[in-house]
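These notes are about the structure you will find just below.
The values are calculated or read from the model by the stated rules, or taken from the named source; none is laboratory data. This one's a predicted model, so the numbers in the text were calculated from it and none came from an experiment. Note: ideal-geometry Cβ built from the backbone for every residue, glycine included; neighbour counts use all protein chains shown.
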Amino acid sequence: MLQSYDPRNAEIKVWVGDGLVPRDQAKVSVFDSSVQGGDAVWEGMRVYQEGVFCLDRHLDRLMDSAQAMAFANIPSPAFITEAIKTTLKANGQTHDTHIRLTLTRGEKITSGMDPRLNQKGCTLIVLAEWKPPVYDNAKGVRIVTSAIRRNSPMHVDSKIHHNNLINNILAKIQANHAGVDDALMLDNLGFIAEMNGTNIFMVKDGVLLTPHADACLHGITRALVIELAAELGIRCVERNLSLTELYAADEAFGTGSMGELTPVVDVDGRVIQNRRGSKITQQLTEAFHRLAGRYSSPL
Ligand SMILES: Cc1ncc(COP(=O)(O)O)c(C=O)c1O
């Protein structure tokens, strides 16, 4: 499924560096670290009528990623929050909006890998687009297993939410060629890690299962689903999961800020058969939709 284009996005203003510019002028320098080496960290956030969803958790994770990357002169969470609010206000965006928040190591004095060439501080980008949840959550998604492995801490730790998305992009290309919606990625031992842009859960015999957050992003939606399961009295276990277990799941779904909770209906041609008729995805989805008021930072 290709995301649709909302014509309102032709007129948006984007925050780049220290202020807002019209979309067609929203650019970074060829010396910027994001161009030179994908040397940037990012967050994807959703704006509901109640405000920016889980803003504090996203800013915390952004700061953790920037710290792990040893960025210098990182803008404060208060500055970033103000930049987000200013951007949303300028675009009149109060709902159905997705924010791609990027912090690059900044501009280099000359091309090169060495972070000491970065002497101007970070570049902040707040790209807020009109974009309702991107998947058809009523229909669900079909996925195939990719040959590309998701990084464990043995390589580039997936806990850094960085812009080097090549492994996920290669996986997505495989999904495109297979004519399905997304790719499932395994870890270096062959256990399920996550999908190319979302975390994964399955249900078997009334138990909610998800991989350890070892070779996947420690998703904010993932964490909320685990919290909601506890509130609803649904047992949730984090453990290694094999493909065979997923093929035989009663239910499966992906989680992410971009698409919320998205049922997975087919994995490698195996249609997910809900023989027990459990409704845990639906229960969690309904509970998730009630969270907007609890976790949103008003604009
Ligand atoms: C690879 C990957 N997995 C999972 C997620 C979902 O994370 P979250 O729930 O924090 O949006 C994302 C979101 O950016 C992602 O890029």
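Taking segment 246-285, which residues are of a type in the set (D, E, K, R) and within 15 Å of the ligand (Cβ to nearest atom)? Full working, then the answer.
Step one: list which residues in segment 246-285 are of a type in the set (D, E, K, R), which gives 250-251, 260, 266, 268, 270, 275-276, 279.
Result: 260, single match.
What strands (runs of 3 or more DSSP E) lie completely within segment 1-77 and have 1 or more residues being under 29 Å from residue 135 (Cβ atoms)? Write out each step before concluding.
Numbers: elements: 13-16, 19-22, 40-48, 51-53.
Because the criterion is at least 1 residues that are under 29 Å from residue 135 (Cβ atoms), the strands (runs of 3 or more DSSP E) in segment 1-77 that meet it are 13-16, 40-48, 51-53.
Report those strands (runs of 3 or more DSSP E) wholly inside segment 79-161 carrying at least 1 residues which are within 19 Å of the chain's Cα centre (by Cα) and within 30 Å of residue 270 (Cα to Cα).
141-145
Would it be correct to say that residue 184 is outside any strand (DSSP E or B) and under 23 Å from residue 148 (Cα atoms)?
Values: outside any strand (DSSP E or B): no; under 23 Å from residue 148 (Cα atoms): yes.
Taking the combined requirement at face value, the residue does not satisfy it.
Looking only at segment 38-68, count every residue that is out of contact with any strand residue (DSSP E or B) (no Cβ under 6 Å at 6 or more places or on another chain) and either β-branched (Val, Ile, Thr) or away from the ligand (no atom under 14 Å from the Cβ) (or both) and tell me the total.
Here the count works out to 5.
Listed here are the residues, each with its yes/no results for (1) within 19 Å of residue 254 (Cα to Cα); (2) of a type in the set (Phe, Trp, Tyr); (3) in contact (Cβ under 8 Å) with a residue 12 or more places away in the chain.
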{"position": "158", "(1), (2), (3)": "yes, no, yes"}
{"position": "161", "(1), (2), (3)": "yes, no, yes"}
{"position": "172", "(1), (2), (3)": "yes, no, yes"}
{"position": "176", "(1), (2), (3)": "yes, no, no"}
{"position": "180", "(1), (2), (3)": "yes, no, yes"}
{"position": "183", "(1), (2), (3)": "yes, no, yes"}
{"position": "188", "(1), (2), (3)": "no, no, yes"}
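What's the number of the condition residue 210 fails, among (1) surrounded by fewer than 21 Cβ atoms within 10 Å (Cβ to Cβ); (2) within 16 Å of the ligand (Cβ to nearest atom); (3) free of Cβ contacts under 8 Å to residues at least 60 places away in the same chain?
(1)
Could you run through segment 275-299 and say how many residues are more than 20 Å from residue 228 (Cβ to Cβ), in the same structural domain as residue 251 (by TED's automatic domain parsing) and not basic (Lys, Arg)?
Here the count works out to 1.
Among the residues of segment 169-181, what is the count of those that are part of a loop (DSSP other than H, G, I, E, B) and surrounded by fewer than 19 Cβ atoms within 10 Å (Cβ to Cβ)? Can you show your working first?
Residues of segment 169-181 that are part of a loop (DSSP other than H, G, I, E, B), as a first pass: 179-181.
Next, only the ones that are surrounded by fewer than 19 Cβ atoms within 10 Å (Cβ to Cβ) stay: 179.
Count: 1.
State whether one or more residues within segment 223-231 are within 16 Å of the ligand (Cβ to nearest atom) and touching a His at 6+ places or on another chain (Cβ under 9 Å). If you could, list the steps in order and put the result at the bottom.
Let us first name the residues in segment 223-231 that are within 16 Å of the ligand (Cβ to nearest atom), namely 223-229.
From the residues that got through so far, the ones that are touching a His at 6+ places or on another chain (Cβ under 9 Å) too are none.
No: zero hits.
Would you please name the residue that is farthest from the ligand (Cβ to nearest atom), looking only at residues in segment 135-144 that are surrounded by fewer than 19 Cβ atoms within 10 Å (Cβ to Cβ) and either closer than 30 Å to residue 81 by Cα or in contact (Cβ under 8 Å) with a residue 24 or more places away in the chain (or both)?
Taking segment 135-144 first, the residues surrounded by fewer than 19 Cβ atoms within 10 Å (Cβ to Cβ) are 136-139.
Restricting the remaining residues to those that are either closer than 30 Å to residue 81 by Cα or in contact (Cβ under 8 Å) with a residue 24 or more places away in the chain (or both) gives 136-137, 139.
On the way: 136: 18, 137: 14, 139: 20 Å.
Residue satisfying both the conditions and the ranking: 139.
Looking only at segment 29-44, count every residue that is touching an Asp or Glu at 6+ places or on another chain (Cβ under 7 Å) and without any contact (Cβ under 8 Å) to a residue 60 or more places away in the chain and tell me the total. Can you show your working first?
To start, the set of residues in segment 29-44 that are touching an Asp or Glu at 6+ places or on another chain (Cβ under 7 Å) comprises 29, 31-33.
Subset that is without any contact (Cβ under 8 Å) to a residue 60 or more places away in the chain: none.
So the count comes out to 0.
For segment 96-103, indicate whether the set of residues that are away from the ligand (no atom under 16 Å from the Cβ) and basic (Lys, Arg) is non-empty.
Initial filter on segment 96-103 (away from the ligand (no atom under 16 Å from the Cβ)): 96.
Right, trim to basic (Lys, Arg) and you get none.
Within segment 96-103 (the criterion being away from the ligand (no atom under 16 Å from the Cβ) and basic (Lys, Arg)), the answer is no, since none of the residues qualifies.
As an exercise: evaluate residue 116 against (1) more than 13 Å from the ligand (Cβ to nearest atom); (2) touching a helix residue (DSSP H, G or I) at 6+ places or on another chain (Cβ under 9 Å); (3) free of Cβ contacts under 8 Å to residues at least 40 places away in the same chain and give the number of the one condition it does not meet.
For residue 116, the failing item is (2).
Read through the list (1) surrounded by fewer than 21 Cβ atoms within 10 Å (Cβ to Cβ); (2) over 23 Å from residue 103 (Cα atoms), then give the number of the only condition that residue 166 fails.
For residue 166, the failing item is (2).
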